[in-house]
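A.B. asks: Here you go, one structure.
Derivation of every value follows stated rules applied to the coordinates shown; laboratory data play no part. Being a predicted model, the structure only gives us computed values, none of them experimental. Virtual Cβ from ideal backbone geometry, glycine too; neighbours counted across all protein chains shown.
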Amino acid sequence: MNVEKFREYCLSLPYVTEDFPFDEDLLTFRICNKIFACISMTVNDIATMKCDPEKALELRAEYSAIEGAFHWNKKYWNQIRFNEDVSDSLIFELVKHSYDEVWKKIPKKTKDELLKNVL
C-alpha cells in the first residue's frame, strides 16, 4: 500500500472530501464533515481509521501492524502501518468499515439531502 492508492480509494467512496484541517501534514478524509480516515504526508506509511471498538481490539490482537491510534481515542481509532502484515485488500476493507462507521452516525435528514441532490 502507498499513500496514493490509499487516497484514491478513500476519494472513490461517495460524498468524500479531503482537507488539511490541522496543518500541512495531516490529510483527512471526511463524509459530511466527519473524519473517517487520515494519513500523514511526512510519515505516509501509517493511516488512521475509525473502527468498531470490539473489531478494533480483535484486529490489534491479530495484526502487529494495527494498534491504537496515536493522538486519537484508542477505543475507536486504529493506526495501520503499510507493507507489514496487513494486506492491501484488508486495508481497503478497513477504510470501507471506517467510512460505514461514520456514515451510520450521520443524521437521516442529512443523508436524505445528499441522496436527493444525486437524483
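A.B. asks: Who wins for biggest fluctuation among T17, T48, T28 in a Gaussian network model of the chain, springs between alpha carbons below 10 Å?
C.D. replies: Of T17, T48, T28, the Gaussian network model singles out T17 as fluctuating most.
A.B. asks: Further question on the same structure: Which of L90, L57, L26 ends up with the largest GNM mean-square fluctuation for the chain, with Cα atoms connected below 10 Å?
C.D. replies: L90
A.B. asks: Still on this structure, please answer the following. Could you give the longest part of the chain that holds none of the chymotrypsin sites (Phe, Trp or Tyr not before Pro) found in DSSP loops with at most 11 neighbouring Cβ atoms within 10 Å? Don't jump to the answer; show the numbers that get you there.
C.D. replies: On the way: sites that count: F22, F70.
After excluding every exposed loop site, the longest remaining stretch is 71-119.
A.B. asks: Run the numbers for H71 and L115: contour at 0.36 nm per residue of separation, minus the present Cα-Cα distance, in nm.
C.D. replies: Additional length available on full extension: 12.5 nm.
A.B. asks: Right, here's the next one. Given axes a ≥ b ≥ c from the Cα gyration tensor, I'd like to know whether the chain is rounded (a/c under 1.5), prolate (a/b larger than b/c) or oblate. Intermediate values should be presented prior to the final figure.
C.D. replies: Details: a/c = 1.80, a/b = 1.45, b/c = 1.24.
Here the chain falls in the prolate category.
A.B. asks: Is the shape of segment 1-68 best called rounded, prolate or oblate, per the rule: a/c under 1.5 gives rounded, else a/b larger than b/c gives prolate, else oblate, with a ≥ b ≥ c the square roots of the Cα gyration tensor eigenvalues? Could the numbers behind the result be given before it?
C.D. replies: Details: a/c = 1.83, a/b = 1.42, b/c = 1.28.
It is prolate, given that a/c is not under 1.5 and a/b is the larger ratio.
A.B. asks: If you fit an axis through the alpha-carbon atoms of helix 108-118 and take the longest principal axis of the Cα set of the chain, what angle between them do you get, 0 to 90°, nearest 10?
C.D. replies: Orientation of helix 108-118: about 80 degrees from the principal axis.
A.B. asks: Have a look at I91, Y9, N33 and report the one farthest towards the positive end of the charge dipole of the chain, computed about the Cα centre with Cβ charges (Lys/Arg +1, Asp/Glu -1).
C.D. replies: N33
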